[in-house]
Amino acid sequence: MNHFSAIDVIRAKRDRATLTGEQIDWVVDAYTRGEVADEQMSALAMAILLNGMDSAETARWTRAMVDSGERLSLRADRPTVDKHSTGGVGDKITLPLAPLVAACGAAVPQLSGRGLGHTGGTLDKLESIPGWRARLSVEEIRAQLDSVGAVVCAATDGLAPADRKLYALRDVTGTVESVPLIASSIMSKKIAEGARALVLDVKVGSGAFMKNLDTATELAHSLVGIGVEHGLRTSAVLTDMSVPLGRAVGNAVEVAESVEVLRGGGPSDVVELTLSLAVEMLSLAGLSEVDPARVLASGEAYETWCRMIRAQGGDPDAPLPTADHVDMVLAPEDGTLTRLDAYAVGMAAWRLGAGRARKEDPVRHAAGVICLAKPGERVVKGQPLLELHAESPDVVPGALAALRGGITVSDSDTGRGALVLDVIHATTP
Ligand code: URA
């Protein structure tokens, strides 16, 4: 293999050539081992972002990342189905969805990540529950899948190490927003985890990586294509991320909202998306006769949530952390709230302390934003629109600056558009 050189591979992609399978296998492996330097991989990632990779290159890149680590084969004695979101603002759907689908009879292994930038991470949210532990061994994951049916935990160290290294590099080199790099990153982890069926929630809009429907559709097709090629039953749901999902954006506040949904309440958009994704997951798991709305209403999903949290050392009844400082953003005039920009709210929550700038940074579990009004609602001048939760008042000016231009109150009647924009089903392998 040592007849390859990183410079040749970079030049080839810079000059718009198609990389050979051998070049891809070598560069991914050599980067994982440290033979290809970060600055060389940065240049290659930028060349890929600018010049793309075709579906055969993307499939080979994905396989090379899977082969950089171990395969987990997370199967249980019931049909296994997973869900992955490309990331958004207020996207706490995994929290109610995993126990709901488990209560419907499937096994749901959810190896999740932490937040970076303005999008939140599922593990950061769950870690606001006192005692809850994200890191489990493979044996613990398998045992919990059998006993509870749902596990949300950190990916094991051996899972797609090439992606872990490359994702951190892309994050600091402006090379995240590339369809082949996102698709191979997501799918390499799912294939290595050994999922049999997968529903992808591909977010579209200001609060997502994909800002418009065309690129999100391209990403969805790429993800589904890779899944099918690896024998995974895969479908993708394209959903709106121009407005935050639900009312809570942060960590503890999102856990509280998820528990409301599991107890039969909660914001209608969170309930709608949870049920839509549950229907897709149950269909892929061969359980389409089960009605998730009935199971949610019965309280069984909430019971499964409590067992899932306890199995990982958490206390589902313990009070969640609350903020020492709460500020309000008021409506500037009478009218209808026509715009509440997801990116602006995500950035505000991040500046309040809910997110991290570098992956080693801690998050403030109580920090975040509560959207007291959502697009389409009538408001009167001076009415509180947002609550800003923080540990101290000194982070509030940064959050207010992030919100500037992100909120519109006007005479128009425009509300929120459709939440589920499209569904792409794979042809079953
Ligand atoms: N999520 C991932 O896992 N990888 C990406 O590249 C983007 C979102």
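The values are calculated or read from the model by the stated rules, or taken from the named source; none is laboratory data. Note that the structure is a prediction, hence the values are computed from the model and not measured. Backbone-built Cβ (ideal geometry, glycine too); neighbour counts: all protein chains shown. The area values use the complete protein model at the heavy-atom level, side chains included, leaving out ligands, DNA and RNA. Shrake-Rupley method; radii C 1.70, N 1.55, O 1.52, S 1.80 Å.
Observations, loosely collected:
- Here Thr234 fulfils each of the conditions (1) closer than 24 Å to Ile407 by Cα; (2) touching a strand residue (DSSP E or B) at 6+ places or on another chain (Cβ under 7 Å) apart from (1).
- Hits in the stretch 146-164 (condition: of a type in the set (D, E, K, R), modelled with pLDDT of 90 or more and either within 20 Å of Glu70 (Cα to Cα) or buried (at least 18 other Cβ atoms within 10 Å of the Cβ) (or both)): Asp163, Arg164
- Tally of residues being assigned to a loop (DSSP other than H, G, I, E, B) and under 19 Å from Glu280 (Cβ atoms) across the stretch 181-221: 3
- Residue list for the stretch 165-180, restricted to those being assigned to a helix (DSSP H, G or I) and either open to solvent by less than 50 Å² (accessible area, probe 1.4 Å) or more than 10 Å from the ligand (Cβ to nearest atom) (or both): Lys165, Leu166, Ala168, Leu169, Arg170, Val179, Pro180
- Candidates Gly246, Gly231, Gly265 - the one that is part of a loop (DSSP other than H, G, I, E, B), over 22 Å from Glu280 (Cβ atoms) and not assigned by TED's automatic domain parsing to the domain that holds Gly376: Gly265
- Identification of helices (runs of 4 or more DSSP H) wholly contained in the stretch 1-118 with 3 or more residues that are basic (Lys, Arg) and more than 16 Å from the ligand (Cβ to nearest atom) yields 6-14.
- Residue within the stretch 83-90 that is surrounded by fewer than 21 Cβ atoms within 10 Å (Cβ to Cβ), of a type outside the set (Lys, Arg) and on the phi < 0 side of the Ramachandran plot present: no
- Screening Arg247 against (1) more than 16 Å from the chain's Cα centre (by Cα); (2) over 16 Å from Ala373 (Cβ atoms); (3) open to solvent by 10 Å² or more (accessible area, probe 1.4 Å) leaves a single unmet condition, (2).
- Taken together, Arg356, Arg339 contain a single residue that is touching a Lys or Arg at 6+ places or on another chain (Cβ under 8 Å) and either surrounded by fewer than 23 Cβ atoms within 10 Å (Cβ to Cβ) or in a helix (DSSP H, G or I) (or both), which is Arg356.
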